[in-house]
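Scroll down for the structure; my scribbles are underneath it.
The values are calculated or read from the model by the stated rules, or taken from the named source; none is laboratory data. Keep in mind the model is a prediction, meaning the values are calculated, not measured. When we count neighbours, we look across all protein chains shown, and the Cβ atoms used for this are built from the backbone with ideal geometry, even at glycine. Remember, those area values only see protein heavy atoms, side chains included, never the ligands or the DNA or RNA. Shrake-Rupley method; radii C 1.70, N 1.55, O 1.52, S 1.80 Å.
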Amino acid sequence: MVHCSGRGQSPPADCDALDPTLLISVVAALCVCDLSPAQCDVNCCCDPDCSSVDFSVFSTCSVPVVTGDSQFCSQKAAIYSLNFTADPPQRIFKLVDWINPSIFCIRNTNYKPALSFINPEVPDENNFDKLMKTSDGFTLNAESDVSFPAKLDAPPTAKYEYGARLQTSDSFLRFPSPLTSSLCTDDNPAAFLVNQAVKCTREINLEECEKIEALSMAYYSGPEILTVPNSRKKVPITVKSIIIQSLNKTLTQLENTTILQLALISAGPVTLCSNVVLEVKCSLTYTDAGEVIKADLSFLLGTVSRAVVPLQQKFVIHFIQLNTKPVPLSGNPGYVVGLPLAAGVQLTKALPCWLMAQKVESLLKGQGFPDHVAPFGNSQAQDALDWVPVHFITQSYNMKDSCQLPVALVIEVKWTKYGSLLNPQARVVNVTANLISSSFPEVGDEKIILISTAVTFVDVSAPAEAGFRALPTINARLPFDFFFPFV
């Protein structure tokens, strides 16, 4: 890291005096959105791999400000923005002075490693001699209870943090994904606890399909994932299922999960490539200590002809915590708009089933659950006959020797457009609350169940019809002799 404005040992007087090439390298080292090596990351304005053509299709700068360590009192900051008035749109780069508003800041430093904690290198059979030469030596006495194991896979505190790249024996675990276009790029690293489901298209030369690694099963099943970063313990990837899709889209699941090789088939003028990877689903099991302990793959293979080139592939990766059942998520990690709120209750043997069911239902319905809903936002309380009643429905699935507990409250609100076409008003016409219960074994020890609530709004408006006004009538009084002498 290069610090400007007099904070290094021998820094330039000002960042503006830096050579432009050096300045770009300094900013690139601090660019947190630059995730793909030798590839342009979408909306990453500080990515040195992006060109002016890439900037012209960006919608925003995901990292608008790039600075060094935030503990300094003052430093230079790189400001990025997009000029959409230009044709084509252009990236704008500015270098400004950034002042730290905190009174607790670092003015000068002559030892840059002191700004962060560095994980110490743990001695093992491979690096012990090197550490002995670089250190002042070890002091051991009779009271010492210090021992060094012959081999350590990783530092004791090492674990995967959220968003960290999953390491393999020689690099990172990567899955294809689209970047600036729908075309597949094979440099997308998988991140810990980040579920992904992407589709991309791949341009291929059918005659050379056997040479394209991204089409073969071995490309995805070959890597071995490290249980934790920098570990020597590896988790092999296991193939759980293989489904074959024929040219007419019929599916057949194979009993054997042996790795199938790509095969080029020529039958007269027709050329086919079989055992091509169309879809990959990767399931990774991890512990609460941040260790990956299991990796399973499911493949959808197909036979490709010239009619389906370019080829579309789908890649799915999801994480499952050990000793837990996968449940539908409402976001990762933040909630996604439109998905239900998730909550949980803890079951104990101290409470009987009927009382627990009552408590869960009360939790789902909340305080003062209404029995009527106003049709309009300005409906008056005295117009009780106009209000819409809430229809409450209970669904349950009975099992012998089980406890019936509510697990979900699904509310459906039907509304319609009311009034003029020029200014339609929303009117509620029906509300249904559906309480869904499920059976659980009689509780012995403590148990946690997932409960959820969801509200959906359904538009039941009838098609609009044009209205016709009545023809105007003439109401006029005429003199009695107006039509004389004809009448």
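Some points to look at:
- When region 164-187 is filtered for residues that are open to solvent by 50 Å² or more (accessible area, probe 1.4 Å), of a type in the set (Ser, Thr, Tyr) and closer than 21 Å to Val276 by Cβ, only Ser182 remains.
- Highlighted here are the strands (runs of 3 or more DSSP E) found entirely within region 223-327 that include at least 3 residues which are within 19 Å of Ser171 (Cα to Cα): 224-226, 234-245, 292-304.
- Filter result for Phe319 (more than 17 Å from the chain's Cα centre (by Cα), at pLDDT 65 or above and crowded, with 17+ Cβ neighbours inside 10 Å): no
- Residue match in region 68-79 (condition: touching a residue at least 60 places away in the same chain (Cβ under 8 Å) and open to solvent by 50 Å² or more (accessible area, probe 1.4 Å)): no
- Leading residue by the ranking (nearest to Ala190 (Cα to Cα)) among those in region 213-235 that are open to solvent by less than 80 Å² (accessible area, probe 1.4 Å) and in contact with a helix residue (DSSP H, G or I) (Cβ under 9 Å, 6 or more places away or on another chain): Tyr220
- In region 29-41, the residues that are open to solvent by less than 70 Å² (accessible area, probe 1.4 Å) and over 13 Å from Gly68 (Cβ atoms): Cys33, Asp34, Ser36, Pro37, Gln39, Cys40, Asp41
- Pair list, Cβ < 9 Å and 6+ apart or interchain, from region 200-224 residues that are in contact (Cβ under 8 Å) with a residue 12 or more places away in the chain to residues that are among the basic types (Lys, Arg) and open to solvent by 60 Å² or more (accessible area, probe 1.4 Å): Cys200/Lys314; Leu206/Arg306; Glu224/Lys234
- Any chance Val390 is at pLDDT 80 or above and part of a helix (DSSP H, G or I): no
- Count of residues meeting criterion [open to solvent by 50 Å² or more (accessible area, probe 1.4 Å) and either in a loop (DSSP other than H, G, I, E, B) or of a type in the set (A, V, I, L, M) (or both)] in region 188-200: 2
- Of all residues in region 98-114 being exposed (fewer than 13 other Cβ atoms within 10 Å of the Cβ) and in contact with a strand residue (DSSP E or B) (Cβ under 8 Å, 6 or more places away or on another chain), the one that is modelled with the highest pLDDT: Ile99
- Of the residues Lys314, Lys249, Lys281, the single one that is open to solvent by 70 Å² or more (accessible area, probe 1.4 Å) and at pLDDT 85 or above is Lys281.
- Flag: Val337 matches the condition of being modelled with pLDDT under 75, more than 22 Å from Cys209 (Cα to Cα), open to solvent by 80 Å² or more (accessible area, probe 1.4 Å) and under 21 Å from the mean Cα position of the chain (by Cα).
- Long-range neighbours under 6 Å by Cβ, at least six apart or interchain, first residue over 19 Å from Val309 (Cβ atoms) within region 241-259, second surrounded by 14 or more Cβ atoms within 10 Å (Cβ to Cβ) and of a type in the set (Phe, Trp, Tyr): Ile242/Phe299
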